[in-house]
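Reviewing the structure listed below.
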Amino acid sequence: MQGFPKGSTINATISGHLLTVSFTQNIGQVAVEITTDTGATVDCVNTSTPTGFQCYIPNAGDYIVTFTLSNGDEYYGEFEVLN
């Protein structure tokens, strides 16, 4: 997995209440945690890459999605769900 920044292989988009996560490269097992801006866990999933997944976010608000790679590296993004 040399030669590319692993964080650049993670794509996350929000459409309405649906968060879609995809990976452009195989970066191994990734733990994904979605929390509210106050720290309450909404969902947590472990996935093998490059397989992606979708998660329904039921409530409007501000959220943080954190990606933890098997080597401990963490990447995160913030997003807002509107009604």
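None of the figures in this text is laboratory data; all of them are computed from the coordinates on show. Here the structure is a predicted model, which means the values were calculated and not measured. Virtual Cβ from ideal backbone geometry, glycine too; neighbours counted across all protein chains shown.
So the values come out like this:
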{"item": "Boolean, CYS44 is farther than 12 Å from GLN29 by Cα, out of contact with any Phe, Trp or Tyr (no Cβ under 7 Å at 6 or more places or on another chain) and surrounded by 15 or more Cβ atoms within 10 Å (Cβ to Cβ)", "result": "no"}
{"item": "Residues of the stretch 30-66 satisfying the condition of being over 12 Å from LEU19 (Cβ atoms) and either assigned to a loop (DSSP other than H, G, I, E, B) or in contact with a Lys or Arg (Cβ under 9 Å, 6 or more places away or on another chain) (or both)", "result": "ASP37, THR38, GLY39, ALA40, THR49, PRO50, THR51, ASN59, ALA60"}
{"item": "Count of residues meeting criterion [surrounded by 17 or more Cβ atoms within 10 Å (Cβ to Cβ) and under 12 Å from LEU69 (Cβ atoms)] in the stretch 1-41", "result": "7"}
{"item": "Matching residues in the stretch 1-29 - criterion: being of a type in the set (Ser, Thr, Tyr) and outside any strand (DSSP E or B)", "result": "SER8, THR9, THR24"}
